[in-house]
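The structure appears right after this line, and notes come after that.
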């Protein structure tokens, strides 16, 4: 082995035994051990230890990677704890804000409904002239306007309160056995006058269907909202239709019209509270944009599906289903709570950190390890040959 082929040389000696390790420029490691025999002679053994050195280098690299990973985990643990605290704080603030909104709406409901009930009640008495004629015919027109406006305002207040309860998860259904074809017939009678005044043809395909269990008030409101919207956005000479389809699992209701239609990009907006499509036709009609959002929410509270299909200039079809009996949503598992997930993740990281800190090569040591762990050579001071490059082998 020529001197030019050697990159580094390491010499060791103990109790009369000498060994030398050569790190060659081609990457190999060679060990020569010289020992005395019982007869007083000497024996030399040469071994290729390249495989051992490569494994040691790989182990060292893995150890460094693990240390870096542990450091990242420690920093992640601190960030997660901070995020968990911020989440809890924001959650408390959101709950307090929601409660404040609920309390405000409940108070507003009482304060507004009390005078509205008086306005609606007295104007209704005056409209019917229960205590005698009003005199000038214009008074009767004024009373009609007062009663209509009061009833409209009361309806808006009820819609806002219902939506608030739904968003807060406090809306409950008062279910009872009912026949949907009978409920639909009532609603059709209520809106037929509006359809006639608008010059629309109202087509009703209402065959008798089986009874279902549902909340009559909310279902009536859904039907009334959908038919009123269809009449409102259908021009004169158009058609509004409603159909009931009996299925084994429940009933499907279709409300269709030949109105102005809705573009695909605006369909999703209409199922959100207070959302209205910003076009000329909508600006000419009154409303808060709660009708479809409430209808969708009421249907979903029953466990049904709600879908809108529409083509601009051709019309809109709203399809919803009602099961034979309301399907109560599954109770959320407490373990699915975000705060619990964060706490569990933090605990897992702490467990990992606790295990890695017990590993021998990650534990601070008072005495340094042997120069070449795992090689089976006793620890001894290394003497590096002066004429070659100094340094210990890659480990």
Fill in: Residue that is modelled with the lowest pLDDT [pool: residues in the range 164-189 that are surrounded by 13 or more Cβ atoms within 10 Å (Cβ to Cβ) and closer than 28 Å to residue 106 by Cα]
168
Worksheet item: Going through the range 214-246 one residue at a time, which ones are closer than 18 Å to residue 306 by Cα, more than 32 Å from the chain's Cα centre (by Cα) and not in a helix (DSSP H, G or I)?
Response: 241, 242, 243, 244, 245, 246
Item to complete: Search the range 155-182 for residues that are free of Cβ contacts under 8 Å to residues at least 60 places away in the same chain and pair each with any residue that is surrounded by 18 or more Cβ atoms within 10 Å (Cβ to Cβ) and assigned to a helix (DSSP H, G or I) when their beta-carbon atoms are under 8 Å apart and the residues are at least 6 apart or on different chains.
Response: 178/219
Worksheet item: Say we look at the range 45-56 and pick out the residues that are touching a residue at least 40 places away in the same chain (Cβ under 8 Å) and assigned to a helix (DSSP H, G or I); which of these is nearest to residue 26 (Cα to Cα)?
Response: 53
Worksheet item: residue 281 passes all but one of (1) closer than 25 Å to residue 161 by Cα; (2) surrounded by fewer than 16 Cβ atoms within 10 Å (Cβ to Cβ); (3) at pLDDT below 90; which number fails?
Response: (1)
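Residues are listed down the side, and each one gets a yes or a no for (1) modelled with pLDDT of 85 or more; (2) touching a strand residue (DSSP E or B) at 6+ places or on another chain (Cβ under 9 Å); (3) in a strand (DSSP E or B); (4) over 30 Å from residue 4 (Cβ atoms):
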{"site": "30", "(1), (2), (3), (4)": "yes, yes, yes, no"}
{"site": "39", "(1), (2), (3), (4)": "no, no, no, yes"}
{"site": "43", "(1), (2), (3), (4)": "no, yes, yes, no"}
{"site": "58", "(1), (2), (3), (4)": "yes, no, no, no"}
{"site": "74", "(1), (2), (3), (4)": "no, no, no, yes"}
Worksheet entry | Hits in the range 89-109 - residues which are at pLDDT 85 or above and over 17 Å from residue 169 (Cα atoms) | 89, 90, 93
Discussion item. I'm checking my understanding of the structure. Among residues of the range 190-203 that are surrounded by fewer than 16 Cβ atoms within 10 Å (Cβ to Cβ) and in contact (Cβ under 8 Å) with a residue 12 or more places away in the chain, which one is nearest to residue 253 (Cα to Cα)?
Written reply: 203
Worksheet entry | Among the candidates 215, 196, residue that is over 21 Å from residue 317 (Cβ atoms) and out of contact with any helix residue (DSSP H, G or I) (no Cβ under 9 Å at 6 or more places or on another chain) | 196
Worksheet item: Residues in the range 106-119: is at least one free of Cβ contacts under 8 Å to residues at least 24 places away in the same chain, part of a loop (DSSP other than H, G, I, E, B), surrounded by fewer than 10 Cβ atoms within 10 Å (Cβ to Cβ) and more than 32 Å from the chain's Cα centre (by Cα)?
Response: no
Practice prompt. May I ask you to verify whether residue 160 is part of a helix (DSSP H, G or I) and farther than 30 Å from residue 98 by Cα?
Written response: no
Item to complete: From (1) at pLDDT 85 or above; (2) in contact with a helix residue (DSSP H, G or I) (Cβ under 8 Å, 6 or more places away or on another chain); (3) assigned to a loop (DSSP other than H, G, I, E, B), pick out the condition that doesn't hold for residue 130.
Response: (2)
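The values are calculated or read from the model by the stated rules, or taken from the named source; none is laboratory data. As the structure is a prediction and not an experimental result, all values here were calculated from the model. Cβ coordinates were reconstructed from backbone atoms using ideal geometry, including for glycine residues, and neighbour counts include every protein chain displayed.
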